[in-house]
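Presented below is the structure to which this report refers.
The values are calculated or read from the model by the stated rules, or taken from the named source; none is laboratory data. If you're wondering where the values come from, they're calculated on a predicted model, not measured in any experiment. Positions of Cβ are generated from backbone atoms using ideal geometry, with glycine treated the same way; all protein chains shown enter the neighbour counts. In case anyone asks, the SASA skips ligands and DNA or RNA and just uses the protein heavy atoms, side chains included. Shrake-Rupley method; radii C 1.70, N 1.55, O 1.52, S 1.80 Å.
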Amino acid sequence: MKFEKWQALGNDYAIVEAAALPWELTAERVRAFCEPHFGVGADGILLLSPGDVDVVANLRIFNPDGSEAELSGNGAREAAMYLRRSGWTEADEFAIGTPSGVVRPKILDERTCAMEIGRASTSSADFPSGGSDGRGIVSAAGREFSFQHVSIGNPQCVIDVGDEVEAISLEAYGQDIEHSNLFPNRTNVSFIRIEGSNVRARIWERGVGETLSSGTGASGAAIAAFLRGSASPIAVNLDGGELEVAVSDNLDVLLTGWAERVYAGELSDALLKRLA
């Protein structure tokens with residue numbers, strides 16, 4: 001079974017075409033596939049299947065714990081670059097279907113694209129007790145944090161910790177916040193510092209843990225900064241690098257960044273047998 005490994009700012013995914021799968025991609029198989037010591041090692045799997053007249057392909061995104069994500073900004077960007085490079089389309093602008101809706105990449109060069117990832121909201125079913133402004137307080141490991149909820153295809157909990165952003169332990173708080181009963185579908189968590197139109201963000205990703213980068217996490221962080229008066233576009237500095245997030249007055253998001261292929265591979269007979 002052939003696959004390709006891609007990464008964007010250190011956020012790495014295995015890209016698999018659905019037609020190549022010899023079996024259903026179950027949660028158990030996803031965990032075994034993504035396991036770094038006995039499997040391929042990845043932050044998740046991007047599964048591509050043919051689209052229809054409106055979309056080039058449909059994209060499903062699996063976390064390494066076997067759960068399925070609605071959207072990944074980095075993953076969708078990697079998928080877009082893969083589709084263009086692999087000949088699924090010759091267009092520089094096209095559409096990809098995801099569980100959260102259609103995203104629209106525009107290829108800028110051989111490793112960079114800008115992607116319309118949808119309209120964000122500060123209220124959603126992922127924070128059912130929240131008001132229209134998405135503000136709230138969450139408890140974790142004996143501490144309370146004020147946060148901004150943002151829904152951008154998936155749930156984001158953005159916490160401004162100012163100058164503490166570099167020192168704060170994501171391991172100490174991320175798990176409790178992800179699984180807080182405030183968020184029935186769990187949540188991604190961003191700890192940020194805002195400096196004008198620049199945001200420093202560290203990300204705890206739902207189903208992953210602390211991660212070098214997250215496109216939707218960066219988008220949530222940028223929206224929180226925008227709502228506090230930061231001018232768009234906003235540069236979000238992550239452990240893996242920088243993403244640019246343009247936010248409209250209606251909270252439409254344009255995410256720009258790079259993605260590149262690491263290698264193409266083929267699963268061994270031994271691993272295929274174990275996965276089967």
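Just a few scattered comments:
- GNM remark for the chain: springs join alpha carbons under 10 Å apart, and the peak mean-square fluctuation among W88, W258, W204 falls on W88.
- Whole-Å distance, taken between Cα centres, linking the stretch 79-154 and the stretch 228-276: 10 Å
- Stretching the chain fully between D252 and V53 yields a gain of 69.2 nm (0.36 nm per residue, less the alpha carbon separation).
- Using the rule -39500 (n - 2.57) for each DSSP H run of four or more residues, divided by the residues of the chain, the 222 nm mean residue ellipticity is -5500 deg cm²/dmol.
- Dipole size of the chain about its Cα centre, with +1 on Lys/Arg Cβ and -1 on Asp/Glu Cβ: approximately 260 debye, rounded to the nearest 20.
- The stretch 1-144, dipole about Cα centre (Lys/Arg Cβ +1, Asp/Glu Cβ -1), debye to the nearest 20: 160 debye
- Under the shape rule built on the C-alpha gyration tensor, where the axes satisfy a ≥ b ≥ c, the stretch 94-170 is oblate, since a/c reaches at least 1.5 while a/b does not exceed b/c.
- For the stretch 1-157, the Kirkwood estimate of the hydrodynamic radius, built from every pair of different alpha carbons, is 16.9 Å.
- Debye equation applied to the C-alpha atoms of the stretch 137-177, log10 I(q)/I(0) at 0.22, 0.26 Å⁻¹: -0.78, -1.03
- At q = 0.09 Å⁻¹, base-10 log of I(q)/I(0) for the chain (Debye sum, equal scatterers on each alpha carbon): -0.39
- Within the stretch 109-180, GluC sites (Glu not before Pro) in DSSP loop having at most 13 other beta-carbon neighbours inside 10 Å: E110
- Across all directions, the average flat footprint of the convex hull enclosing the Cα atoms of the stretch 192-245 is 3.1 nm².
- Counting only Cα atoms, the size of the stretch 120-276 along its three principal axes is 54, 34, 31 Å, in decreasing order.
- Positive-end residue of I159, T211, P36, charge dipole of the chain with Cβ unit charges: P36
- Solvent-accessible area per residue for the stretch 34-73 (1.4 angstrom probe, square angstrom): 41 Å²
- Under a model in which nothing but the beta-carbon of Lys, Arg (+1) and Asp, Glu (-1) is charged, the stretch 217-276 shows a dipole of about 240 debye around its Cα centre.
- Residues listed by number, the stretch 134-157, amide nitrogen under 19 Å from A167 label point at 7 Å toward C-beta: 141-146
- Spin-label model distance (nm) - A19 vs E35, 7 Å beyond Cα toward Cβ: 3.1 nm
- Spin-label model distance (nm) - E110 vs R228, 7 Å beyond Cα toward Cβ: 4.0 nm
- Extension gain (nm, one decimal) between R274 and A141, 0.36 nm per residue minus Cα-Cα: 44.0 nm
- Most to least packed among 195-203, 261-269 [average Cβ atoms within 10 Å]: 195-203, 261-269
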